[in-house]
1. Considering only the stretch 67-102, how many residues are on the phi < 0 side of the Ramachandran plot and within 16 Å of the chain's Cα centre (by Cα)?
2. Give the stretch 145-198 a look and list any residue that's among the small types (Gly, Ala, Ser) and either within 23 Å of Leu91 (Cα to Cα) or assigned by TED's automatic domain parsing to the domain that holds Arg219 (or both), or say none.
3. Only one of Gly192, Gly179 is at positive phi and touching a strand residue (DSSP E or B) at 6+ places or on another chain (Cβ under 7 Å). Can you tell me which?
4. Find the residue count for the stretch 197-235, including only residues that are more than 18 Å from the chain's Cα centre (by Cα) and in contact (Cβ under 8 Å) with a residue 40 or more places away in the chain.
5. What is the residue count in the stretch 143-171 for residues that are touching a Leu at 6+ places or on another chain (Cβ under 8 Å) and within 28 Å of Leu182 (Cα to Cα)?
6. Can you go through Glu117, Glu110, Glu75 and tell me which one is surrounded by 14 or more Cβ atoms within 10 Å (Cβ to Cβ) and of a type in the set (Asp, Glu)?
7. Give Phe126, Phe145 a once-over and let me know the one that is at pLDDT 95 or above and within 10 Å of the chain's Cα centre (by Cα).
8. Give me the residue from the stretch 33-72 that is closer than 19 Å to Val86 by Cβ and of a type in the set (Lys, Arg) and, out of that set, surrounded by the most Cβ atoms within 10 Å (Cβ to Cβ).
Amino acid sequence: MSDAVAETTSDFEQILGYRFRDRNLLERALTHKSYANERRQTSSSHNERLEFLGDTVLGFVIGEHIYRAFPNLQEGALSKIKAHLVSASTLAAKGREIGIGRYLRMGAGEARSGGAEKLSLLADGFEAVIAAIYLDGGLPAAEAFLRRVFGPDISGIDIGDLSFQDYKTALQESAQALGLPLPDYRIVDEYGPDHEKVFVIQVFWNGEAFAYGRGASKREAQRKAAKEALKKLGRLPA
């Protein structure tokens, strides 16, 4: 492994909160097939196979986590929660949160076309990293990483509303339809220890507070704030 790659993976290990015994696993997890193809490398040098394994590990760990977190929910509700948490959009958001796009190695063409921000590459890379952690440190290491990353999302789930609608997009579309400026989300408060942090976010229009939401993650608080704003606009039942 080159010094440059070693430095990059070392930086990324700090973000992940996990140090690899075999850094080649992390290097492969961060290598897109376009990079390997340009260099005529074998399929074992890029992350597609790791994506497959990471998807399996992710499904198992998240499934067990929500099974234990929501002991009174039936299978249908648990399936909705799991489908939301392991969806491509959620995984891409998680990949973006840890800055995986900055560390992905991809071919020149893929890079020019904005590959570092593509939903599919971010989600696939995130799954590959899960697999790399699993292969390097076993299930306990992968489970610890996933619980850390998804814990706030799971604790912030509103079991009274398992539709997982994209309220932020709906609010933006409603604002445009009504000729209103786009909503501005601002953190107005946060409290609690790091492992149980609570965020309070307000939706502002024209500099004035319009609605607020509270959640265990910024994303969940924004979602709830957008939902409340839609209710005030008459776009959702109060």
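1. Restricting attention to the stretch 67-102, the residues satisfying the condition of being on the phi < 0 side of the Ramachandran plot are 67-98, 100-102.
Next cut, within 16 Å of the chain's Cα centre (by Cα) only: 81-98, 100-102.
The number of residues fulfilling the criteria is 21.
2. Filtering the stretch 145-198 down to residues among the small types (Gly, Ala, Ser) leaves 151, 155-156, 160, 163, 170, 174-175, 177, 179, 192.
If the condition is that a residue be among the small types (Gly, Ala, Ser) and either within 23 Å of Leu91 (Cα to Cα) or assigned by TED's automatic domain parsing to the domain that holds Arg219 (or both), then Gly151, Ser155, Gly156, Ser163, Ala170, Ser174, Ala175, Ala177, Gly179, Gly192 are the ones that fit.
3. On the way: Gly179 fails: touching a strand residue (DSSP E or B) at 6+ places or on another chain (Cβ under 7 Å).
Only one candidate qualifies: Gly192.
4. 7
5. Applying the first criterion (touching a Leu at 6+ places or on another chain (Cβ under 8 Å)) to the stretch 143-171 yields 145-146, 150, 153-154, 159, 167, 170-171.
Those left that are additionally within 28 Å of Leu182 (Cα to Cα): 153, 167, 170-171.
Residues in the stretch 143-171 being touching a Leu at 6+ places or on another chain (Cβ under 8 Å) and within 28 Å of Leu182 (Cα to Cα): 4 in total.
6. Numbers: Glu117 fails: surrounded by 14 or more Cβ atoms within 10 Å (Cβ to Cβ); Glu75 fails: surrounded by 14 or more Cβ atoms within 10 Å (Cβ to Cβ).
The match here is Glu110.
7. Numbers: Phe145 fails: within 10 Å of the chain's Cα centre (by Cα).
Testing whether each residue is at pLDDT 95 or above and within 10 Å of the chain's Cα centre (by Cα) leaves just Phe126.
8. Our first condition is that a residue be closer than 19 Å to Val86 by Cβ; within the stretch 33-72, this holds for 47-70.
Among the residues that remain, those that are also of a type in the set (Lys, Arg) are: 49, 68.
Details: Arg49: 13, Arg68: 9.
Applying the filter and picking the extreme gives Arg49.
The values are calculated or read from the model by the stated rules, or taken from the named source; none is laboratory data. Given the structure is predicted, the values throughout are model-derived calculations rather than measurements. Cβ coordinates were reconstructed from backbone atoms using ideal geometry, including for glycine residues, and neighbour counts include every protein chain displayed.
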